[in-house]
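See structure below.
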Amino acid sequence: MTTELTMLAWTLVLALVQVSLPVLGKTVQYGSKWNAGPRDEPMPPPNKVTGRLDRAQANLFETLPVFIGAVLIAHVAGRESAQTALGAEIFFWARVVYVPVYWAGIAGVRTGIWGVSIAGLAMMVSGLL
């Protein structure tokens, strides 16, 4: 399997982890009855940390389609290169680091890490052109 496809597979694992983290936080806050129930009643907003985990997940999901598209285009079109592989690795590792930094509420660093992940995406896309 290519580096790009491997990074995509690991990014999907990361996405599953990021789906689980806010739910775990909400379960701690609201209780297991909330988690197992239909969630029909409005609840108070999540606490700060769980809210950050929600936003980190949403942020990944905003860029995930672009990453998936870049990986698939590179693979199908035979445009995989050192540049697209490095871009995929940069994107993935920046997204991994993003989660605990956002969780901790480190604002300036979080934004910088997001920028690094976007730079990885840009490397990939420019390698396709």
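The values are calculated or read from the model by the stated rules, or taken from the named source; none is laboratory data. Owing to the predicted nature of the structure, the values given are computational and were not obtained by experimental measurement. All Cβ positions, glycine included, derive from the backbone under ideal geometry; neighbour counts span all protein chains shown. Just the protein is used for accessible areas: all its heavy atoms, side chains included, with ligands, DNA and RNA removed. Shrake-Rupley method; radii C 1.70, N 1.55, O 1.52, S 1.80 Å.
Evaluate the following for Arg95: is it farther than 12 Å from Leu121 by Cβ and among the basic types (Lys, Arg)? So Arg95 does not fit the description; no. Determine whether segment 21-42 contains at least one residue that is loosely packed, with under 14 Cβ neighbours inside 10 Å and basic (Lys, Arg). Looking for residues that are loosely packed, with under 14 Cβ neighbours inside 10 Å and basic (Lys, Arg), one finds at least one in segment 21-42, hence yes.
Out of curiosity, is Val17 open to solvent by 50 Å² or more (accessible area, probe 1.4 Å) and among the hydrophobic types (A, V, I, L, M, F, W, C)?
Working: open to solvent by 50 Å² or more (accessible area, probe 1.4 Å): yes; among the hydrophobic types (A, V, I, L, M, F, W, C): yes.
It is true that Val17 is open to solvent by 50 Å² or more (accessible area, probe 1.4 Å) and among the hydrophobic types (A, V, I, L, M, F, W, C).
Does Gly69 satisfy the criteria of being among the small types (Gly, Ala, Ser), surrounded by fewer than 18 Cβ atoms within 10 Å (Cβ to Cβ), within 21 Å of the chain's Cα centre (by Cα) and under 23 Å from Ser117 (Cα atoms)? Here the answer is yes, as Gly69 does meet what is asked. The set of residues from segment 76-115 being surrounded by fewer than 18 Cβ atoms within 10 Å (Cβ to Cβ), under 21 Å from Glu4 (Cα atoms) and of a type in the set (Ser, Thr, Tyr) comprises just one member, Ser81.
For every residue, the table says whether it meets (1) under 12 Å from the mean Cα position of the chain (by Cα); (2) under 26 Å from Gly112 (Cβ atoms); (3) free of Cβ contacts under 8 Å to residues at least 40 places away in the same chain.
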residue: Thr11; (1), (2), (3): yes, yes, no
residue: Pro42; (1), (2), (3): no, no, yes
residue: Ala88; (1), (2), (3): no, yes, no
residue: Ala94; (1), (2), (3): yes, yes, yes
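When the residues of segment 47-66 are filtered to those that are crowded, with 18+ Cβ neighbours inside 10 Å and within 12 Å of Gly25 (Cβ to Cβ), the one that is farthest from the chain's Cα centre (by Cα) is Thr50. A single entry from Ala36, Ala88, Ala56, Ala94 fulfils the requirement of being of a type in the set (A, V, I, L, M, F, W, C) and over 19 Å from Val17 (Cβ atoms): Ala36.
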